[in-house]
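Notes follow the structure.
Values quoted throughout were computed directly from the atomic coordinates according to the rules given, and no laboratory measurement underlies them. Bear in mind the structure is a predicted one, so any value in this text is a computation, not a measurement. All Cβ positions, glycine included, derive from the backbone under ideal geometry; neighbour counts span all protein chains shown.
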Amino acid sequence: MTRSNTARDRRLTAEDVASIIGPADDGLVMAIMDTGADAAELLEAYQRANANEHLGRDLKRPLAGRTAAVYDLLVAEMEPPEEE
């Protein structure tokens with residue numbers, strides 16, 4: 001039995017990342033790609049990271065694996081830098 005080359009079967013490209021999260025720092029894009037996440041995982045992490053305060057970021061199902069790794073990268077990028 002062979003598997004088809006669906007979005008879940010292939011690694012993200014920089015263009016894939018940009019199409020989901022918009023323009024981003026090259027370092028962030030590479031870090032997201034290095035997680036091995038697919039487009040669905042990136043989209044879920046991005047939607048969670050950008051959930052409005054009323055909904056909160058901790059929705060019904062906890063994130064795990066590659067989705068959680070991407071989420072952590074996105075949230076870290078969104079946090080304002082600490083002042084010294």
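Observations
- Among Ile20, Ile32, the ranking by other beta carbons within 10 Å of each residue's beta carbon, starting with the fewest, stands as Ile20, Ile32.
- 14 Å beta-carbon shell around Gly27, net charge (K/R +1, D/E -1): -4
- Going by neighbour counts of Cβ atoms within 10 Å, the residues Arg66, Arg61, Arg11 line up, fewest first, as Arg61, Arg11, Arg66.
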